[in-house]
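Accompanying notes for the structure given below.
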Amino acid sequence: MKKIVVTLVLLFITVVPVFTQENKMDRIELCKKNYAALFGGEALSGQGTDPEMMDLLQKFIFGEVFQTGNLDIKTREMITCVTLTTMQTLPQLKAHIGASLNIGITPIEVRESIYLCAPFIGFPKTLNALATANEVFKEQGIVLPLEKQGMVNEQNRGTKGAEIQQPLYGDAIKKALKDLPDSLGDDVARFLTEYGFGDIYTRGGLDLKTKELLVYAVITTLEADSQLRSHTLSNIKLGNDKSTLTSVVIQCLPYIGFPAAMKTLRIIQETKEPDTITGSQKVRLAKIVVDQARLNEYNSYLKEEIESSMRLEPGVLTLYATFEKERPNRITILEIYANEEAYQSHIKTPHFLKYKQGTLDMVQELELIDSTPLIEDMKIK
């Protein structure tokens, strides 16, 4: 049974306090609080061979930068780690990896943040950073090697990479390299798809939105102008708005300096938001009754489909599945897509088609309720 119903969905508003100059915490008080949380020590101690510089550094980074913009403390530390990895300032990286673990960032998240840097800084620098991370892990008694996060094989790495690359960047790289001799530009474009997006971007541990945000910090540090322009657009497509990107640059600023930061800030100012993210969100509820005898098999298909969609498709904003306590074979899925185009793209993906075809004879009833949000484009926190 398939039925289309139009209804209204009331989305609740989460009110987030906006810090003004008047209600910002005193920078010395905040510096001490943040430093203690990150490093477990006391800031502004006056110790060491150059206490004045350390006071300047700590007040600015932990007392001012840390309360500027819309990033949480974990995101700030991951940005710091990829920035230091890119710069190869390994003593500072070691300290911040320890700080990351202190505030709840997992070893997998630390490692995957470093893996993300490889296509941009090369293998030798990435290996240096991984060695630094592993040194911290060993000191803290974390068993190595960490759990594998690779998601592709030799047969599908190109296809899986393209599933991420195409919605964000299209064929821009291939077109830019098409005039290289002996069709070598095609090889470089293939390397990017298979290695950069297939081997690296598909890995577990971090969602796509976070990965692209961290990459933005890497290329800001590298001052890679052309990549900054394309990655500004890709971040916006994924929901990292200009305010968030500006916050990323500010977080990088104490480490990279004002000239490099100003270059990226100008690019953010100049970038027009792409048309592909405009238009009304598509919201629907899917109510499904599954054959009780095959419920575990169905749930396995559904879980794989949701995880792949959320990881690989920037236009899929929410897929939230629940089941009734008394009747677990009755499943409801809240689906939110950036727009109709994102939905049409979603239902053509290999992972959705696998789910649809694999569960066809398991679904006894299907009701699709097309819905209209009371508040357009409201973000779910």
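The values are calculated or read from the model by the stated rules, or taken from the named source; none is laboratory data. The structure displayed is predicted, hence computed values, not measured ones. For neighbour counting, all protein chains shown are included, and Cβ atoms are generated from backbone atoms with ideal geometry for every residue, glycine included.
A compact table of results
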| quantity | calculated |
| --- | --- |
| Residue 174 buried (at least 20 other Cβ atoms within 10 Å of the Cβ), among the charged types (D, E, K, R), in a helix (DSSP H, G or I) and at negative phi | no |
| Helices (runs of 4 or more DSSP H) wholly inside segment 36-113 containing at least 2 residues that are of a type in the set (D, E, K, R) and touching a residue at least 12 places away in the same chain (Cβ under 8 Å) | 73-87 |
| Residues that are under 16 Å from residue 132 (Cα atoms) and surrounded by fewer than 21 Cβ atoms within 10 Å (Cβ to Cβ), drawn from segment 70-95 | 87, 88, 89, 90, 91, 92, 94, 95 |
| Any hit, segment 246-261, residues being out of contact with any strand residue (DSSP E or B) (no Cβ under 9 Å at 6 or more places or on another chain), at pLDDT below 95 and in a loop (DSSP other than H, G, I, E, B) | no |
| Subset of segment 289-312 [touching a strand residue (DSSP E or B) at 6+ places or on another chain (Cβ under 7 Å) and exposed (fewer than 15 other Cβ atoms within 10 Å of the Cβ)] | 291 |
| Hey, residue 153 assigned to a helix (DSSP H, G or I) and over 21 Å from the mean Cα position of the chain (by Cα) or not | no |
